[in-house]
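Bear in mind these aren't lab numbers, they're just calculated from the coordinates by the rules spelled out. What you see is a predicted model, and the numbers here were worked out from it, not measured in a lab. We place every Cβ from the backbone using ideal geometry, glycine too, and count neighbours over all the protein chains shown.
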Amino acid sequence: MKRSQVLTVSCKLEVSQQQVEKLNAVLTAFAKCCEYVNTYTPEKLTNQIAVQSLIYKEARSHSGLSAQMTIHAIRRVCANRKTAKQKGKPVKKFAPTSATYDARTFTFGESDWLVSLTMLKGREKFKLHIGNYQKHLLQGQDPKTATLVKRNDGSFYLNIQLESEPPEKQKTDDVLGVDLGRTDIACTSAGEKFSGKQVTQARDRYSRLRASLQRKASKGTRSTRRRARQILQRLSGRERRFQTWLNHTISYRLIQQAKTSNQAITLEDLTGIRERTNELPRSKTERRRSNSWAFYQLRQFLTYKGVKFGVDVRLVDPRYTSKTCHCCKVIGNRQGKRFECLNERCGWIGDADVNGARNIATLGQIVNLPGGSEIMSCSLQEVVLRATESPHSMQSKSVG
């Protein structure tokens, strides 16, 4: 069965003071309903129909929500419980910052760019304050679901969900391997690199600026402290937005390259890398730089863009991909950005990231083939040859 893809369009709402009060009221009621359902139903119960049969009337009467929005509140509680169960944590408190709408409680008008939302008492129309990008995405669409969101600055947004049928994934045996790192955010098996120098410089600059402002906010005069806090608030999120923009740019270029060349994309599965690297002894600066990696976000962007453009995105085990020679599959010696194969019959020397990306591409080609991983294993004869002809080379196994 073919799955649909959901694209979310974030649209700012133009609101008056009277509408602000109505929006705050419906968000508060939605959170109140979620809290009531979560408190007065068994904690382990996650089935929406079962929860609804237990507490629907009481929850609706307690919160003052419409029938459909009460059902959405119950659905959110069940979804949060399932997520909390997977993480082994209890459900957190529900904040009055968002509410769910569907076709019965939300309508969109393209002619005048208005949306109609159900409030606690009747409907209310809002003008969308959007640009050409959002208008292009919404043209000709008939959205059925949306989420009302209140941001930290007090502004209100409507995240409109658009469902579409993605194209079939292109069938190919050709794979573009992508090696992820900090010096180069991404390096492909074709040799293309996306430097991480700009990201490192930006993060270091923001870190120094925050430290300076935080000192002034705690030790300066009253006016200095107030001004420093204002600047810190203005800077909040800039670093994150810069990293998001860069990951969008890189992921789009990689997907377009793979689509044009009729290739699949293979990435390293770096799940848990932050926990593993934090166990190593490092300086405070290195720890900060390591923990500021946004590789998972890049992987998410590649995944959804791959679905959108019909490009298959695969994940492979990252172990030894940067330490194995892509030519002869023998463990070599990596020193920074330089890789040297210790097999004298091969002797390949070159960029370590390119070597790793080509190994990742090979794994991506054979990941779905029975017994295919044998191609990445080195033969016993090669190991014996290295041990006898290059005694010092066996020490390289302990590197990395």
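Computed packing ranks the peptides 321-333, 302-314 as 321-333, 302-314, most packed first, by mean other Cβ atoms within 10 Å.
Average the reciprocal distances over every distinct pair of alpha-carbons in the stretch 101-176, invert the result, and give the Kirkwood radius in Å. Don't skip to the end; give the middle numbers.
Values: mean 1/r = 0.0682 Å⁻¹.
So the Kirkwood estimate lands at 14.7 Å.
Listed by Cβ neighbour count within 10 Å, with the fewest neighbours leading, LYS169, LYS197 appear as LYS197, LYS169. Computed extension gain for PHE242 through GLN86, at 0.36 nm per residue and net of the alpha carbon distance, reaches 53.0 nm. Put in order of Cβ neighbour count within 10 Å, fewest first, the listed residues TRP245, TRP113 become TRP245, TRP113. The angle separating the long axis of helix 380-389 from the principal Cα axis of greatest extent in the chain is about 60 degrees. Label zone of GLU168 (point 7 Å out along Cα→Cβ, amide N under 15 Å): in the stretch 295-310 this covers 310. Please determine, in degrees from 0 to 90 and to the nearest 10, the orientation of helix 48-63 with respect to the longest principal axis defined by the Cα atoms of the chain, where the helix direction is its Cα long axis. Its long axis makes an angle of about 40 degrees. The smallest convex shape that holds all Cα atoms of the chain, its convex hull, gives 205 Å³ per residue.
To one decimal place, what Kirkwood hydrodynamic radius in Å is obtained for the stretch 5-164 from all pairs of distinct Cα atoms? Result for the stretch 5-164 stands at 16.5 Å.
Sorted fewest first by neighbouring Cβ atoms within 10 angstrom, MET119, MET69 come out as MET119, MET69. In degrees, nearest 10, range 0 to 90: what is the angle between the Cα axis of helix 67-87 and the longest Cα principal axis of the chain? That works out to roughly 30 degrees. Between VAL367 and GLN18, the C-beta separation translates, for a Förster distance of 56 Å, into a calculated FRET efficiency of about 0.45.
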